[in-house]
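Here's the structure, in structure tokens; my notes come after.
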Amino acid sequence: IPAPTRPRGRPPAALLSLPRPLPLLLLLLARLPVAGAAAGALSELRVRVRLPDGQVTEETLQADSAADCISLELRKGDGTLVTFTVDFKQEVKIFRALILGELERGQNQLQALCFVTRLHRNEIIPSESMAKLRQKNPRTVRQAEEVRVLEYLNMDVAVNFSKGAQLSSHIHNICSEAREAIYTREEDVKFWLEKGVDGSMFEVLPQSTDLPDLQRCRLCTDRWKPCICTYALNIEWYPCMLKYCKSRDPTGKVSTYKCGIRSCQKGYSFDFYVPQKQLCLWDEET
Ligand SMILES: *[C@@H]1O[C@H](CO)[C@@H](O)[C@H](O)[C@H]1NC(C)=O
């Protein structure tokens, strides 16, 4: 008697899917006598993403499951390069913006900013899942399924670059062009201090409460005066959650497995102290 055929519940048409456990691949990896196989996977995914101005850009997503980190990079329409790095081990996320300066306005060719803040649970999928992510059609232009609320962060503390590696080893690589402009928040510092991070790398920056003259750069007319600068960036597309599917084995037992991701978009707006308005020329009333 032939075994009853069971409908093979097709997984939903996910745009991006996690391959179901790949026995062949695992077998191959397991056979390789290299440390790398046991240490974890390093992967890169390139995704085409539509920017708010309608332009299409390419986003690169890298995952290293051994180091337990993710890095995402995209270039905005104005040439700014935005990098978002997640260090799960240290519970740290780092945003870096490399902004092209306007030479005719006396700015540096390139201005770098680094914002370091605490990583919360479930902000983004684990590095191990990210490393397994594949896409069926790399030409597809993607738009996030969910737009998360814009987050305002008051970056009131400076991070010393040479000591920053103690907070996350990534700071050394990612923020090297932003030595003088690495910012975090007092509330994040409190959290890291409780975890035993060395406090001498942090320096509280002047606040409007200490300096009544301290204005928003947008309202400040003197280029050489200190002010509070605002910089906003958008992570246009990132896998923020795992999707689960159900499958039924021949005995009828139901099990769930990871079968895809939900994509999100999120904006961040950072306020931080600059010693001169000159370092914040994008923040002008027009
Ligand atoms: C950062 O730390 C190094 C090493 O302790 C020190 O030499 C340097 O002066 C500090 N930088 C600032 C801006 O405080």
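A short reminder: the numbers here are calculations on the coordinates, not readings from a lab. If you're wondering where the values come from, they're calculated on a predicted model, not measured in any experiment. Neighbour counts run over all protein chains shown; Cβ positions are idealised from the backbone, glycine included.
The figures follow:
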| quantity | calculated |
| --- | --- |
| Trypsin sites (Lys or Arg not before Pro) lying in DSSP loop within the stretch 162-211, provided at most 14 other Cβ fall within 10 Å | 179, 195 |
| Local electrostatic count, residue 157, Cβ distance below 11 Å [Lys/Arg +1, Asp/Glu -1] | -3 |
| Stretch gain in nm, segment residue 55-residue 146, where the contour uses 0.36 nm per residue and the Cα spacing is subtracted | 30.8 nm |
| Estimated FRET transfer efficiency (residue 257, residue 139; beta-carbon r; R0 35 Å; 0.05) | 0.80 |
| For the stretch 120-198, fraction of C-alpha pairs farther apart than 14 Å, in % | 76 |
| Projected label distance in nm at residue 42 and residue 121, using a 7 Å step from Cα toward the beta-carbon | 3.1 |
| Share of Cα-Cα pairs in the stretch 65-133 lying beyond 15 Å, as whole percent | 59 |
| Residue order, fewest to most beta carbons within 10 Å, for 116, 49, 254 | 254, 49, 116 |
| Least to most buried among 184, 57 (fewest other Cβ within 10 Å first) | 57, 184 |
| ³J(HN,Hα) computed for each position of the stretch 202-219 - Karplus, 6.51 cos²θ - 1.76 cosθ + 1.60, integer Hz, glycine/proline x | 9, 9, 5, 8, x, 10, 4, 5, 7, 10, x, 7, 5, 9, 6, 4, 4, 9 |
| Inter-centroid distance (Cα atoms) of the stretch 42-70 relative to the stretch 128-169, Å | 9 |
| Ranked 161, 191, 202, criterion: other C-beta atoms within 10 Å, fewest first | 191, 161, 202 |
| Qualifying trypsin sites (Lys or Arg not before Pro) for the stretch 230-286 [loop in DSSP, other Cβ within 10 Å: at most 10] | 253 |
